[in-house]
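Since the structure comes first, as structure tokens, the remarks are kept for the end.
The values are calculated or read from the model by the stated rules, or taken from the named source; none is laboratory data. Bear in mind the structure is a predicted one, so any value in this text is a computation, not a measurement. Every residue, glycine as well, gets a Cβ built from its backbone with ideal geometry; the counts of neighbours run over all protein chains shown.
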Amino acid sequence: MAAAEQEYEDGPVRPRSREHVSYRHCFIDTIGDLQKAEVLQDVVLEVEGGRFPCHRLVLSAASPYFRAMFTSNMAESRQKTVVLQGLDAGIFGEILSYIYSGTLHVSLDKVLPLYQAADLLQLDYVRHTCSRYMAMNVERSTCVDLFKFADVFSVDIVLNRCLQCINMHFAKVASSEEFCSLSVNQLTKIISCDELDVQEETTVWEAVVRWVQHSREDRLHHLPSILPHIRFNLLTSDDTAAILEHPLVRENPASSELHTLALRGTSKRNMRVGMDAQEMILFFRAVEPCEDTREMLCMNPRSGESIKYSYIKDTIPALMTATVTSNNDIYILVEDSHDQVSVLRYNHLREMWGKKSSIHRDFPEHPMGDPIEYLFEVDGHLYYLAVHLMWVLRRKRGVTVVMKKYEWLTDRWQDCSKPRHDELRFFVAMTCGEQIFLLTNTEMHRYDPSQDLWSRGSPPRTIPGLCTAVAMGTEIFCTDNAFSKMAVYDVEADSWRELPGWSDPDGIPNRGDPILFAHEGQVCVLLEFQYQGDNDDDDDDELAQEIHVYNRMAGTWRDSQVTLPVPNDGYWIMGDSVLPVARIYMNLPDQDEHTRD
């Protein structure tokens, strides 16, 4: 016998423990099978007349609520049928399915009653999953209802997200029917926030008036507890007088007390965050793949003020394009892989990017180069538009267009109809009003989202190298890549008119394409110039990115005297032919996820 075998035979065998990896899964599957087969069930739970045969042991293992019920001297521990109050039968069926399978199905229409049932039955995992799901689905249309629910059940993560959303969209949220259903404590919690995005304090007072008027007899007596949250030091003397003369104040039984509260409110209080917000253009820096950070520059061409943000590379991969919605939400499109892109949403108050969804690019069979991609918002919906160059019969170059719409409830991108086009060589896309436009020198395509229908309009025909366009009001301004011609399109009249182009012979932009954008009601352009340095060496030349403003009355461009700050390495770019403009908050605390200059 070998030595090793002799040692094993003669020596002591040490204790060992082994984990059967699949045992737990098999055990849960077996319990589920017993439930389906209705075997060994020893209790029936009755909810809203519905009967659910179950196993006391399984229920007790899953829920402290049932453990206390079946292991104490409570009457239910001896009953064959137990009636549960305060639960919905359908929701309890979902809870029971989770208890026996470990799988939980959450949706917007079920998440609130699921959390409520889990709170009663003390199912921590279900509560945690529901609260995370609610927090991820806080939107302007849902924030008030979720805020009320989170306030009642003290779900802090949802409560904070809802407050952020309400603060950001306060003016529109305050005009909704849901806002008027808030309790007085919930109302004061909101209007006491420094982070309210209001340009004037009168907006807060008007929201209070609307809330009180909704149920005047029941709410008028709450005014003394509400008024201290109005920041009278931020109001003009005329606005203060108007409030004190308002019928709600003048006719209130405690009117003299309200006047005293108003005078106390003239002491210095913080400005609301929206009062110093500025309309700014968004730029992103062109960087090398090896760099660890990404930079975003926000600039106001009128004031010259700017803020620069630096983000960890992983939070903003390769940028494709960006858009700003009517609600001032900033979305960017970034590349995940060759065939997939993601939409990231910017949280203004936390100054962070968070992933919203992913889009499959739907590349054609023989693509040529990268697609040109756009992200738009029309009537509260996001749209993705991509134009791919491709090979046809291995020789001719063709073009394919991909159009998708994001469905908020299903968290999916659905295909939309596509325009029938002849050739898209030089083209731009933009939104104007409630429509999307795809424009070339010889074709004008306009998309109506309400009907998922493309139609044709009059093309410009006078701008052969069309490269950029911007919409302002009911007009679309466009120019060519040489910035030598301009034209304006009247959307309602379906007609074009030529405008004077660049007229400064000594300052012709000689690097990159111009990019038109609209800022504070004016058409502007970003131009890139290459100025010769002191030496004849080309390496000594200086790159300058300047902003010019169009004077429509004079038909000339004026130098705004604003030049983008030169980054350490590279230059500021946008992925498409337009620059997004958003309201940026100037005085927010710094966050750990980035640095702010």
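Points to keep in mind about this one:
- Qualifying residue in segment 88-106 (condition: under 30 Å from Gly380 (Cα atoms) and surrounded by fewer than 13 Cβ atoms within 10 Å (Cβ to Cβ)): yes
- Of the residues making up segment 142-158, those that are in a helix (DSSP H, G or I) and buried (at least 21 other Cβ atoms within 10 Å of the Cβ) are Cys143, Val144, Leu146, Phe147, Ala150, Val158.
- Of Gly570, Gly555, Gly512, Gly521, all but one fail to be surrounded by fewer than 20 Cβ atoms within 10 Å (Cβ to Cβ), modelled with pLDDT of 85 or more and not polar (S, T, N, Q); the exception is Gly521.
- For Asp539, the requirement of being exposed (fewer than 14 other Cβ atoms within 10 Å of the Cβ), in a loop (DSSP other than H, G, I, E, B) and modelled with pLDDT under 85 is not met.
- Taking the numbered list (1) buried (at least 16 other Cβ atoms within 10 Å of the Cβ); (2) assigned to a helix (DSSP H, G or I) in turn, Glu217 passes all entries but (1).
- Some residue of segment 109-118 being surrounded by fewer than 18 Cβ atoms within 10 Å (Cβ to Cβ) and in contact with a Pro (Cβ under 9 Å, 6 or more places away or on another chain): no
- For the residues Leu227, Leu248, Leu258, Leu263, the requirement of being of a type in the set (A, V, I, L, M, F, W, C), at pLDDT below 90 and surrounded by fewer than 18 Cβ atoms within 10 Å (Cβ to Cβ) singles out Leu263.
- Of the helices (runs of 4 or more DSSP H) lying entirely inside segment 52-126, the ones with 2 or more residues being within 22 Å of Asp145 (Cα to Cα) are found at 89-101, 111-121.
- Residue in segment 230-237 that is part of a loop (DSSP other than H, G, I, E, B), under 24 Å from Glu257 (Cβ atoms) and either within 25 Å of the chain's Cα centre (by Cα) or aromatic (Phe, Trp, Tyr) (or both) present: no
- Among the residues of segment 174-189, those that are touching a Lys or Arg at 6+ places or on another chain (Cβ under 9 Å), surrounded by fewer than 21 Cβ atoms within 10 Å (Cβ to Cβ) and part of a helix (DSSP H, G or I) comprise Cys180, Ser181, Val184, Gln186.
- Within segment 446-501, the residues that satisfy the criterion of being surrounded by fewer than 21 Cβ atoms within 10 Å (Cβ to Cβ) and touching a residue at least 60 places away in the same chain (Cβ under 8 Å) are Pro449, Ser450, Cys467.
- Elements of the type strands (runs of 3 or more DSSP E) sitting completely within segment 399-483 and holding at least 1 residues that are within 21 Å of Val343 (Cα to Cα): these cover 412-415, 427-432, 435-440.
- Top-ranked residue in segment 418-445 [being in contact with a Cys (Cβ under 8 Å, 6 or more places away or on another chain) and among the aliphatic types (A, V, I, L, M); ranked as surrounded by the most Cβ atoms within 10 Å (Cβ to Cβ)]: Leu439
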